[in-house]
1. Using modelled backbone amide H atoms (1.01 Å from N, in-plane), which distant-in-sequence or interchain residues come within less than 5 Å of Gln108's amide H?
2. Residue-wise, which Karplus ³J(HN,Hα) couplings in Hz belong to segment 22-35, taking 6.51 cos²θ - 1.76 cosθ + 1.60, θ = phi - 60°, and x for glycine or proline?
3. Count charges around Val59 for me, please; just the other residues with Cβ under 15 Å from its Cβ, Lys/Arg as +1, Asp/Glu as -1.
4. Just to check, using Stokes-Einstein with a Kirkwood Rh over alpha carbon pairs, what's the diffusion coefficient of segment 71-122 at 25 °C and 0.890 mPa s in µm²/s?
5. Net charge near Gln108, counting Lys/Arg +1 and Asp/Glu -1 over other residues with Cβ under 11 Å of its Cβ?
6. What are the ³J(HN,Hα) couplings of segment 47-55, residue after residue, when phi is run through the Karplus curve with 6.51, -1.76, 1.60 and θ = phi - 60°? Round to Hz, x for glycine and proline.
7. From the alpha carbon gyration tensor of segment 33-122, can you work out the equivalent ellipsoid semi-axes (sqrt of 5 times each eigenvalue) and give them in Å, largest to smallest?
Amino acid sequence: MSGGLSFYMSMAAHQDAGVARTKAVDAKTQSTNTALELRTLRSQFFRTQLACEALWSLVQERLELTDEELRDRMAQLDLEDGVADGRRKHPPQSCPRCQRTFGRHWMQCLYCGEPVQGDAFA
Ligand SMILES: [Zn+2]
């Protein structure tokens, strides 16, 4: 191998190693950010779960409802979208004025501005 070619291959290998190091640092940063986001989401989930349990215990106490009634209502709401999958999908809402559809979390039509009811849980 000539000296020039050897030098070129050495430089190329050096550049490849630099790119690999940069990619490794980026991947580690992304992994750290994902772990942090997961920790935050878990914390928010546990807090929401605690709030649900507190609300349910108050409702149960004041209205004398049973856990079975809660489970039945959960199953009923789960099935409203046609699939018993442990979650509730909300179909889009239609604008009463222009008839276009959009997400249920909007409080006014995205197209014509008509105020709509929206859905507090969508
Ligand atoms: Zn509209």
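1. Val116
2. For segment 22-35, the Karplus curve yields 4, 5, 5, 5, 4, 5, 5, 4, 5, 5, 4, 5, 5, 5 Hz.
3. Spelling it out: positives minus negatives among the neighbours equals -4.
4. 204 µm²/s
5. 0
6. For segment 47-55, the Karplus-derived couplings read 5, 5, 4, 4, 4, 4, 5, 5, 4 Hz, x marking Gly and Pro.
7. Equivalent-ellipsoid dimensions as semi-axes: 30, 21, 14 Å.
The numbers here are math on the coordinates, done by the rules we state, and not lab data. As the structure is a computational prediction, the values presented were derived from the model and not from experiment. Ideal geometry is used to build each Cβ from the backbone, glycine not excepted, and the neighbour counts take in all protein chains shown.
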